[in-house]
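Here's the structure, in structure tokens; my notes come after.
The values are calculated or read from the model by the stated rules, or taken from the named source; none is laboratory data. These numbers come from a predicted model, not from an experiment. Because the Cβ atoms are built from the backbone with ideal geometry, glycine has one as well, and the counts that use them run over all protein chains shown. The accessibility values were calculated without ligands, DNA or RNA, using every heavy atom of the protein model including side chains. Shrake-Rupley method; radii C 1.70, N 1.55, O 1.52, S 1.80 Å.
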Amino acid sequence: MSQEVFELVKELDLSDIETQLAMQCAPVIMKLKVSNLFIISEEEIEKVKEILDGSELSSQILLVKEGKAVFLVYRQEYLREYLSEEGIRKLLRKLGYRKMELEELLPIFIRRYSWYCRYGGNFPHEMGLLLGYPIEDVIGFIKNKGKNFLYTGYWKVYENIGEKIQLFQKFERAKQLLLQLVAMGISMTEVIQTERLEKRG
């Protein structure tokens, strides 16, 4: 993070929903990634829905627990396209999925994720796929049980380290840009509902 952006961020209310959207969801907002997790206070659920309403971004609550809500914020068309890849479908089948359509897959994942968060047990590795992580890194994470990674950033990297570092740098630039816009008083609703940022980042 540049010094200029760091100074701006110091002035922002980090508990504000707009700031949190910029910090947690910049890659999906800027069309660099198919989805992001978004973790907020339970009281902010309706605000999130209002901000995303009418935009190209979809959201699904994965879990509400101990005053926190975990959302999956995603671009439906991009996520469907990613999940339609044969390698992804093959891995989903190995993980016990029979139905591959997003609308059928999500409720099953939500039940598995909720069970894991509440009671423990096996981690639902399909989360990496729903977050659009490269399949080689999801497979690497499963095989290595989360160890022996080459690099860690937005996820644990097991292959193509140079390419992933460049991608993470793009994600960081996107976050910095959105934080600058929030600091200038531009609402995230306006940012999300405009196409003018499409080519940036």
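A count restricted to the stretch 34-66 and to residues that are closer than 15 Å to GLN193 by Cα and polar (S, T, N, Q) stands at 3.
Apart from one condition, LEU83 fits all of (1) surrounded by fewer than 14 Cβ atoms within 10 Å (Cβ to Cβ); (2) out of contact with any strand residue (DSSP E or B) (no Cβ under 9 Å at 6 or more places or on another chain); (3) of a type outside the set (Gly, Ala, Ser); the exception is (1).
Here's the yes/no breakdown for (1) touching a Ser or Thr at 6+ places or on another chain (Cβ under 8 Å); (2) farther than 27 Å from PHE168 by Cβ:
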position: GLU86; (1), (2): no, no
position: ARG89; (1), (2): no, no
position: GLU103; (1), (2): no, yes
position: PHE109; (1), (2): no, no
position: TRP115; (1), (2): no, yes
position: HIS125; (1), (2): no, no
position: LEU129; (1), (2): no, no
position: GLY132; (1), (2): yes, no
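Of everything in the stretch 86-96 that is without any contact (Cβ under 8 Å) to a residue 40 or more places away in the chain and assigned to a helix (DSSP H, G or I), the residue that is surrounded by the most Cβ atoms within 10 Å (Cβ to Cβ) is LEU92. Residues in the stretch 114-147 that are within 17 Å of the chain's Cα centre (by Cα) and β-branched (Val, Ile, Thr): ILE135, VAL138.
Of all the listed residues (GLN76, GLN24, GLN60), the sole one being surrounded by 13 or more Cβ atoms within 10 Å (Cβ to Cβ), more than 21 Å from LEU167 (Cβ to Cβ), under 12 Å from the mean Cα position of the chain (by Cα) and not hydrophobic (A, V, I, L, M, F, W, C) is GLN60. Scanning the stretch 1-58 for residues being in contact with a strand residue (DSSP E or B) (Cβ under 9 Å, 6 or more places away or on another chain) and modelled with pLDDT under 85 gives a total of 1. Inside the stretch 40-54, residues that are assigned to a strand (DSSP E or B) and either closer than 14 Å to VAL28 by Cα or within 16 Å of the chain's Cα centre (by Cα) (or both) make up a count of 1. Looking at the stretch 97-160, the helices (runs of 4 or more DSSP H) lying wholly inside it that each contain 1 or more residues that are free of Cβ contacts under 8 Å to residues at least 40 places away in the same chain and surrounded by fewer than 17 Cβ atoms within 10 Å (Cβ to Cβ) sit at 102-119, 135-144. For the stretch 9-21, the candidate set comprises residues that are open to solvent by 50 Å² or more (accessible area, probe 1.4 Å) and outside any loop (DSSP other than H, G, I, E, B); within that set, the residue that is farthest from PRO134 (Cα to Cα) is GLU11.
Close Cβ contacts (under 6 Å, 6 or more residues apart or on different chains) running from residues in the stretch 55-84 that are part of a helix (DSSP H, G or I) to residues that are crowded, with 20+ Cβ neighbours inside 10 Å comprise TYR78/VAL34; LEU79/VAL34; LEU79/SER35; TYR82/VAL34; TYR82/GLY132.
Determine, yes or no, whether MET184 is surrounded by fewer than 14 Cβ atoms within 10 Å (Cβ to Cβ) and of a type in the set (A, V, I, L, M).
Values: surrounded by fewer than 14 Cβ atoms within 10 Å (Cβ to Cβ): yes; of a type in the set (A, V, I, L, M): yes.
In short, yes.
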